[in-house]
Every structure is written in C-alpha cells, then in structure tokens.
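I have placed the structure first, in the form of structure tokens, so that the comments after it can refer back to it.
The values are calculated or read from the model by the stated rules, or taken from the named source; none is laboratory data. All of these numbers come straight from a predicted model, not from anything done at the bench. Glycine also receives a Cβ, built like all others from the backbone with ideal geometry; neighbour counts cover every protein chain displayed.
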Amino acid sequence: MKRTSIPETELIRLRRSLNAILRLEADGDRRSVLIEWARNGKHGIRLFDDAGGWAGMPELIEAAMYSDGVKDADQMPTSFTSATDAIAWGVEQGCFRDARHGQAAYDKLKGEKQPKSAGEMWQFWIANVMERKAASIAEPEIAEAA
C-alpha cells in the first residue's frame, strides 16, 4: 500500500526539481530499484542488485536512464506514469503559469479530444504542449493569453 500526505499540486512542484523517482523493493533476498518516474520520460525500468550492497547501482541507474548518451533534461517523453506526471512535464516546459493552469489545460484537452486510452491522451498532450511552447517562442504575448 502506498499513501502520500502531500497535496497533488505540491507533488507537481516538487517534480520540477527532481530527475527521477526511484522505488526500492525487496522480493525475498533479491533487491531491486524501480525507476518509477524520470524527467526524460524513461520509466518502468527495474534494476536488480545482483552485486549486493547496492554496489554500482548509481552507475546502473544513470546508464538505464540515459542509455542513448543524451543527458538533456528537456528530452521529449513518449509516455507518462500518470496525468500528474504529464501535467508536471507541461509545467516544466514553461507553457503554464502553475500546476492549476496546467491541470485546466489538460482537462480541457481531454474533454475536446475524448481519448480512448492513456497512450492516446499522452500523444495529444505532448503535441499540445509542444504547440504551446512553439507559440510562446514565436509570440510570447499570445501564449500568455492562452
């Protein structure tokens, strides 16, 4: 069971300063790290502590998260672990004043597009955020009004 007492808006703000959320797990004598969320979009990766004592684990985590050799925090994700993560990513892109503004835009887009799956929603969201980002670069005062 997993519980949190941190409000959703605070979690979104907190993620702005994180590179990853890791979950340590144990199954009998075997321990592992699950990359639950990563700023670059790579998540759901499980790494096992086969060496013991977590030896070399930081290096394994880094290699798994940045396996393409790119350590750019602005790398575009292909999916998210939740709507909260998707909104946090949108806020990180500088497209929204705050988490509430991002949530409102997300809800509006979801209502307009009526996605059939989370994967379809992520694609709509990524495209929407990238359009907003491009508009804010081209016309900063127009993007503020959106």
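Might you check whether a residue that is at pLDDT 85 or above and in contact with a strand residue (DSSP E or B) (Cβ under 9 Å, 6 or more places away or on another chain) occurs anywhere in segment 72-85? Break it down into steps so the answer makes sense when it comes.
Initially, segment 72-85 is screened for residues at pLDDT 85 or above, giving 82-85.
With the extra rule that they be in contact with a strand residue (DSSP E or B) (Cβ under 9 Å, 6 or more places away or on another chain), the set shrinks to 82, 85.
Yes, because at least one residue in segment 72-85 is at pLDDT 85 or above and in contact with a strand residue (DSSP E or B) (Cβ under 9 Å, 6 or more places away or on another chain).
Would you say Ser5 is out of contact with any Gly (no Cβ under 9 Å at 6 or more places or on another chain) and modelled with pLDDT under 85?
On the way: out of contact with any Gly (no Cβ under 9 Å at 6 or more places or on another chain): yes; modelled with pLDDT under 85: yes.
Yes.
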- Query: What single numbered condition from (1) crowded, with 16+ Cβ neighbours inside 10 Å; (2) hydrophobic (A, V, I, L, M, F, W, C); (3) at pLDDT 85 or above; (4) under 25 Å from Arg132 (Cα atoms) fails to hold for Ile12?
  - Reply: (3)
- Test: Ile126 is at pLDDT 85 or above, under 19 Å from Leu22 (Cα atoms) and outside any loop (DSSP other than H, G, I, E, B): no
- Item | Pairs where the first residue, in segment 126-141, is assigned by TED's automatic domain parsing to the domain that holds Ala105 and the second is in a helix (DSSP H, G or I) and at pLDDT below 85, C-beta under 6 Å, 6+ apart | Ala135/Ala143; Ser136/Ala143
